[in-house]
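Here is the structure we will look at.
The values are calculated or read from the model by the stated rules, or taken from the named source; none is laboratory data. The shown structure was predicted, so the numbers you read here are calculated from the model rather than taken from an experiment. Neighbour counts are summed over all protein chains in view; Cβ atoms, including those assigned to glycine, are modelled from backbone coordinates with ideal geometry. With ligands, DNA and RNA removed, areas are computed over all heavy atoms of the protein, side chains included. Shrake-Rupley method; radii C 1.70, N 1.55, O 1.52, S 1.80 Å.
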Amino acid sequence: MDPSTEYTGAIDRGLEGVVACTTGISTISGSTLLYRGYTIEDLAANSHFEEVVYLLWHGRLPRRTELAEFSARLRAQMALPPQAFGWFHGLPTAVHPMDFLHAVVAGLSLHDPDANIIEDAANLRKALRLTARLATIVAAYHRVRSGQWPLQPIADRSLAWNFLYMLQGREPDPARVRDFDVCLILHADHELNASAFSARVTSSTLSGIYSSIMAAIGTLKGPLHGGANEQVMRMLLEIGTAERVEAWIDDALAAKRKIMGFGHRVYKEGDPRARILRSMSERLTRDAGHPEHYEMSARIDDHMQKTKELLPNVDFYSATVYHSMGIPIDLFTPVFAVSRVAGWCAHVLEQYANNRIYRPRGRYAGPPPSSYLPMDERG
Ligand code: COA
């Protein structure tokens, strides 16, 4: 028996080119991104996050009463359950915020009576709780680590409004709320991205939504996925001034470093979300009194196209957008999760509806079959 020849399926490193499931949630074609058939530009211009969540989960835009009822149910779930407060305050906060988010989601599952009930109504209730509460957790984490008491959400305000309010401790400017809401729309789903795939793999074992969302949070954290937005801002601060951009990028590329916020497995003609975020970044960095951050970003963008023919992805201009809104740099990736949880839940619900466990093969390249060696014969 030669196990290295036993399995002869094609190898696609990183699963490039593999179609792993059928999905009706979102798709990428060229540089067009569609959520349930609507372009991301159309949704960013006309919709808002709660409506997009409904669209992703139910497959169509809601009617007026459906939206009102859905938004009220979602917003009513934003407050953390009272039992959570005791242990929440006891957790260490000098940690990566994505690890904190992961731990709190695990903790919340212990208090959720639906946690291990895998049935449609319970799954929707949990999806609602998770989507409503990630924003509250991230804002509360920041308040607690800054020595402040967390603020409770206000149930008749949107998730975008509440996040900025709970994070910054004051009523947010309506224009900033709209900008942040657009960011939530842009990040809500993205076909079979790594974290959505993680969530689907976990739910395909018929493990519950909490486990699937925790798997997705862990996957999003990495700098090749959602962690890139934080690294982009750190890179801009390290470069410091626009005149240093080209030399800094050339040195990084010569050292074979990846430039965060560039490249994409699927988009080869440009990421439509980056185009929307680029114009937001230009406006918001100017309003925040840091136009140099946009100027540096635009120079990096030009230089990367000239030298590597690589285009920016969603994480590149979102960094300066979030920074201009006063969001702390280490919260950029948790803010991505605050939105993407809606897509993760949509994928888990879709996976349950037509489930088959994910179980690919690995082509064996290890030692040949051998007999167990007793200890004193091992040399
Ligand atoms: N900076 C420099 N070079 C890059 C690059 C980047 N950001 N992205 C890709 N490349 C280069 C690779 O080095 C590779 O070159 P090579 O063929 O000479 O080795 C080539 O482009 C293909 O890249 P690869 O990493 O194989 O593509 P991938 O599809 O496996 O990975 C990403 C896609 C997004 C993970 C990758 O582009 C990347 O790491 N980008 C930076 C992180 C980031 O912004 N992530 C957020 C994604 S939304």
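Worth pointing out:
- Any hit, the stretch 80-87, residues being modelled with pLDDT of 95 or more, under 29 Å from A353 (Cα atoms) and either crowded, with 20+ Cβ neighbours inside 10 Å or within 21 Å of the chain's Cα centre (by Cα) (or both): no
- No other residue among V52, V104 is touching a residue at least 60 places away in the same chain (Cβ under 8 Å), touching a helix residue (DSSP H, G or I) at 6+ places or on another chain (Cβ under 8 Å), part of a helix (DSSP H, G or I) and open to solvent by less than 40 Å² (accessible area, probe 1.4 Å) apart from V52.
- Near pairs, Cβ below 7 angstrom, 6+ apart or cross-chain, from the stretch 296-317 (closer than 23 Å to H190 by Cα and modelled with pLDDT of 95 or more) to any residue that is near the ligand (Cβ under 9 Å from one of its atoms) and among the β-branched types (V, I, T): D315/V232; F316/V232
- Against the list (1) under 21 Å from A127 (Cα atoms); (2) under 20 Å from the mean Cα position of the chain (by Cα); (3) among the small types (G, A, S); (4) surrounded by fewer than 15 Cβ atoms within 10 Å (Cβ to Cβ), the condition G14 fails is (1).
- When residues of the stretch 172-201 are limited to those that are without any contact (Cβ under 8 Å) to a residue 60 or more places away in the chain and assigned to a helix (DSSP H, G or I), the one nearest to the ligand (Cβ to nearest atom): A194
- Candidates in the stretch 206-251 are the residues that are hydrophobic (A, V, I, L, M, F, W, C) and open to solvent by 10 Å² or more (accessible area, probe 1.4 Å); of these, the one that is farthest from the ligand (Cβ to nearest atom) is L206.
Yes or no, residue by residue, for (1) assigned to a loop (DSSP other than H, G, I, E, B); (2) touching a Phe, Trp or Tyr at 6+ places or on another chain (Cβ under 9 Å); (3) within 30 Å of Y294 (Cβ to Cβ):
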site	(1), (2), (3)
G326	yes, no, yes
A337	no, yes, yes
A342	no, yes, yes
E350	no, no, no
R361	yes, yes, no
P368	yes, no, no
S371	yes, no, no
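- Given (1) over 22 Å from C183 (Cα atoms); (2) within 15 Å of the ligand (Cβ to nearest atom); (3) open to solvent by 80 Å² or more (accessible area, probe 1.4 Å), number of the condition E269 does not satisfy: (1)
- When residues of the stretch 318-343 are limited to those that are open to solvent by less than 10 Å² (accessible area, probe 1.4 Å) and in contact with a Pro (Cβ under 8 Å, 6 or more places away or on another chain), the one nearest to the ligand (Cβ to nearest atom): T333
- Selection count, the stretch 344-379, where residues are among the small types (G, A, S) and in contact with a Pro (Cβ under 6 Å, 6 or more places away or on another chain): 0
- Answer residue from the stretch 272-296, given it is in contact with a strand residue (DSSP E or B) (Cβ under 8 Å, 6 or more places away or on another chain) and farther than 15 Å from D179 by Cβ and is farthest from the ligand (Cβ to nearest atom) among those: P272
- Applying a threshold of 8 Å to beta carbon distances and a minimum spacing of six or more residues, or different chains, the list of pairs starting in the stretch 365-377 at a residue that is closer than 13 Å to T5 by Cα and ending at one that is outside any helix (DSSP H, G or I) reads P368/D2; P369/M1.
- Of all residues making up the stretch 237-278, the number that are part of a helix (DSSP H, G or I) and under 21 Å from the mean Cα position of the chain (by Cα): 7
- Long-range neighbours under 7 Å by Cβ, at least six apart or interchain, first residue modelled with pLDDT of 95 or more within the stretch 211-234, second within 15 Å of the ligand (Cβ to nearest atom) and among the acidic types (D, E): A228/D315; N229/D315; V232/D315
- Of the residues making up the stretch 73-93, those that are more than 13 Å from Q152 (Cα to Cα) and not in a helix (DSSP H, G or I) are L91, P92, T93.
- Filter result for G261 (under 22 Å from Y141 (Cα atoms), open to solvent by less than 70 Å² (accessible area, probe 1.4 Å) and within 16 Å of the ligand (Cβ to nearest atom)): no
- Some residue of the stretch 308-317 being closer than 17 Å to F336 by Cβ, within 13 Å of the ligand (Cβ to nearest atom), open to solvent by 30 Å² or more (accessible area, probe 1.4 Å) and within 21 Å of the chain's Cα centre (by Cα): no
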